[in-house]
Each structure stands twice: as C-alpha cells, then as structure tokens.
Amino acid sequence: MSTGQDDSNQSVGGGACKAELSYQKLQVVRKEYLESLTEIHEPELINIACTMEKYKQVKDNCDTVGEMLSKGRDCLEMLKQQWENVVCFFEMIEFCLSQIKKDLHFVGNIPQITKSDPNLWIYIRALLMTFRVHLLCETYVQVHRQCLMSLDKIPEKVLTGKIPIKDAKKKCEDAQEAIEKLVLEKKKTIDEELNDRM
C-alpha cells in the first residue's frame, strides 16, 4: 500500500515538474515570439507614427488655411462694400451733373436773368449744385492725395514683411485722423462760401 502511494506521489510530482517545465518553455517561446514581432513590425509602426504625424500637420495646415480664407473672404466683403460706397459717390456726382445740365438747358435760352425772373431759382439751384459738385470732387482728390497715397500697397508690404503690422496700423490711424480733419476743414469752408454766396 505504501509502495503504491509512493509511486503515485512520484508520478504526480513528476507530472507537476513536467508541467512547470512546459510552462517555462511556453513563456520563453512567448517572449521570443513577442520580441520577433516587435523586431519585424517596429519599422512599420515607426512609419505609421510618422505618417500620422504628417497627416496631423497637414490637418493643422488646412485648418490654418481655412481660417485665412475665411478672413480673406470677410476682407473682400468689406472691400466690396467700400467699393459700392465709392460707386454711390460717383453716381451722386453724375446725378448732380445731369441735373445741372437740365437746369442750364432750361434757362439757357433766356438772354438775361433778373431778380424778378421766375426762373431765377432754377439758375441759382444750378449754380449751387455746380459749386457743391466742385467742392465734393476737390475734397475727394485732396483726401486721396494727402491722406491715402501713403497707404499704397500696405497689405502687400505687411504680408512680405517690408513693414511691421504696428507701423501699418499707425499709418491707417494717421490717415483716418487726417481725413477727418480735412473733411471738417472743408465743411467749414463750404459753409462759409455758401453763406457768402447767399
């Protein structure tokens, strides 16, 4: 009985030992397999990581370009609005000139206009409108020559780094102040001259 138990104990102990050896061998094989996988796939993983980083940079660049295009579109909208205002200004000048032409044509056949002439007001209106057109155009030319010539190609100079943004901003502020001052001076001159003519 004791001999049988000893045999079974030995076989169980031997089986446990074999199982332990098998487990250790399995662990060694598993480790070698993982190391071989890492060696085989490491360049691929590096390439994938590099590619992902490149795509991230491209995405960031696209986002930046998108923001720039959006700002550019807003600037173009503002520029379009400003241009429409300029067109309105010249349309007003054109209307005034056509009105002057009509008035002068109407009173043109009258040899001499006297104070009692019923068409005197048409003649006066034509004179005042001519004066107004002259002053408006003169002011426009002065604003351009004295205040806006210095702003020529400012955005291009900023983009190419020829002028710092701070300096460009200062030039715009100076032009704005100069325009305001010039227009107020012109308004004063116009009011004085109109009062003299009246």
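The values are calculated or read from the model by the stated rules, or taken from the named source; none is laboratory data. Please read all numbers here as calculations on a predicted model, not as lab measurements. Here the Cβ is made from the backbone with ideal geometry for all residues, glycine too, and neighbour counts use every protein chain on show.
Things worth noting here:
- The lone exception for Ile163 - which of (1) out of contact with any Phe, Trp or Tyr (no Cβ under 9 Å at 6 or more places or on another chain); (2) closer than 26 Å to Phe90 by Cα; (3) of a type outside the set (Asp, Glu); (4) surrounded by 15 or more Cβ atoms within 10 Å (Cβ to Cβ) it fails: (2)
Here is a yes/no grid of residues against (1) free of Cβ contacts under 8 Å to residues at least 12 places away in the same chain; (2) of a type in the set (A, V, I, L, M); (3) touching a strand residue (DSSP E or B) at 6+ places or on another chain (Cβ under 9 Å):
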site: Leu151; (1), (2), (3): no, yes, no
site: Ile154; (1), (2), (3): no, yes, no
site: Lys157; (1), (2), (3): yes, no, no
site: Gly161; (1), (2), (3): yes, no, no
site: Lys166; (1), (2), (3): yes, no, no
site: Cys172; (1), (2), (3): no, no, no
site: Glu177; (1), (2), (3): yes, no, no
site: Lys181; (1), (2), (3): yes, no, no
site: Ile190; (1), (2), (3): no, yes, no
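- Out of Tyr123, Tyr23, Tyr33, one residue alone is at pLDDT below 80, touching an Asp or Glu at 6+ places or on another chain (Cβ under 9 Å) and of a type outside the set (A, V, I, L, M). It is Tyr123.
- Residues in the range 130-151 that are over 12 Å from Ile190 (Cα atoms) and in contact with a helix residue (DSSP H, G or I) (Cβ under 8 Å, 6 or more places away or on another chain): Thr130, Cys137, Tyr140, Gln142, Val143, Gln146, Cys147, Leu148, Ser150, Leu151.
- Criterion applied to Glu173, Glu193 was being part of a helix (DSSP H, G or I), modelled with pLDDT of 80 or more and exposed (fewer than 13 other Cβ atoms within 10 Å of the Cβ), and the one residue passing it is Glu173.
- Looking only at residues in the range 152-161 that are at pLDDT 75 or above and touching a helix residue (DSSP H, G or I) at 6+ places or on another chain (Cβ under 8 Å), the one that is farthest from Leu104 (Cα to Cα) is Lys157.
- Cβ pairs under 9 Å, 6+ apart, first in the range 73-97 and more than 30 Å from Leu128 (Cα to Cα), second surrounded by 10 or more Cβ atoms within 10 Å (Cβ to Cβ) and at pLDDT below 85: Cys75/Pro155
- Check on Arg145, among the basic types (Lys, Arg), surrounded by 14 or more Cβ atoms within 10 Å (Cβ to Cβ) and in the same structural domain as Asn195 (by TED's automatic domain parsing): no
- Hey, Phe131 modelled with pLDDT of 80 or more and aromatic (Phe, Trp, Tyr) or not: yes
- Single condition Asp60 does not satisfy, out of (1) at pLDDT 80 or above; (2) under 30 Å from Val141 (Cα atoms): (2)
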